[in-house]
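Here's the structure, in structure tokens; my notes come after.
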Amino acid sequence: MVFLNRIYTKSGDAGETGLGDGSRVPKDSARVAAFGEVDEVNAVLGLVTANCPECPERALLVTIQNDLFDVGGDLCVPISGNEGTEKMLRIVPAQYERLERAIDRLNEGLQPLRSFILPGGTPAAAWLHLARTVCRRAERAVVALTHTEKVNPHALIYLNRLSDFLFVLARVANDGGKGDVLWVPGASREG
């Protein structure tokens, strides 16, 4: 259980932070960058739910915010050799499988795309597109971390599915895709 009675500890004043296993690393380490990016996705989803009460799937977005804390917790604790004996919080397939079911359910009512979509449309769709791009950045940060350290592969899969879910949900928020703003290649090349 988390218990915070002091918000500042001064332990990070020299540019280091503590991980979930008690080790200390520089604040610009690949691991800290990865869970920091995940935190940013979560903050953007908070903006979606706070500013767009008409946004579809609000309850699922709140569940996803909780999942993103799980992803951050997973990334915050390096995988050790005796992982099987520890009771670490790790992302599990059921968490991204929930996203897959939601993607399939929501995508059924959408017309197939014949062009890329410009981020925009309704306010909810625009915020969801922003969340999607931040999620892709978080995914890239986790991939970068995998080049130097072990990472739970389910955390990476979760982020990949989440960005797909956010794309589909943005289309749903754009009047079921009818309000999508389509890319017209080269549209402004001629004056």
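A single entry from 47, 19 fulfils the requirement of being farther than 19 Å from residue 145 by Cβ and surrounded by 12 or more Cβ atoms within 10 Å (Cβ to Cβ): 47.
Residues that are in contact (Cβ under 8 Å) with a residue 24 or more places away in the chain and either over 27 Å from residue 20 (Cα atoms) or of a type in the set (Val, Ile, Thr) (or both) were ranked within region 61-78; the one that is surrounded by the most Cβ atoms within 10 Å (Cβ to Cβ) is 71.
Residues in region 22-44 that are acidic (Asp, Glu), out of contact with any Lys or Arg (no Cβ under 9 Å at 6 or more places or on another chain) and either modelled with pLDDT of 90 or more or surrounded by 15 or more Cβ atoms within 10 Å (Cβ to Cβ) (or both): 39 alone.
Screening residue 114 with (1) within 30 Å of residue 184 (Cβ to Cβ); (2) among the basic types (Lys, Arg); (3) within 19 Å of the chain's Cα centre (by Cα) gives one miss only, at (3). Residues that are crowded, with 19+ Cβ neighbours inside 10 Å and of a type in the set (S, T, N, Q) were ranked within region 137-191; the one that is nearest to residue 32 (Cα to Cα) is 152. Residue check: is residue 122 more than 17 Å from the chain's Cα centre (by Cα) and either more than 25 Å from residue 180 (Cα to Cα) or not charged (D, E, K, R) (or both)? For residue 122, the condition - more than 17 Å from the chain's Cα centre (by Cα) and either more than 25 Å from residue 180 (Cα to Cα) or not charged (D, E, K, R) (or both) - is met. For region 148-176, the tally of residues that are without any contact (Cβ under 8 Å) to a residue 60 or more places away in the chain and over 11 Å from the mean Cα position of the chain (by Cα) stands at 5. Quick one: would you say residue 138 is touching a Leu at 6+ places or on another chain (Cβ under 7 Å) and at pLDDT 95 or above? The answer is yes for residue 138.
The values are calculated or read from the model by the stated rules, or taken from the named source; none is laboratory data. This structure is a prediction, so every number in the text was calculated from the model and none was measured. Cβ atoms come from the backbone with ideal geometry, glycine included; neighbour counts cover every protein chain shown.
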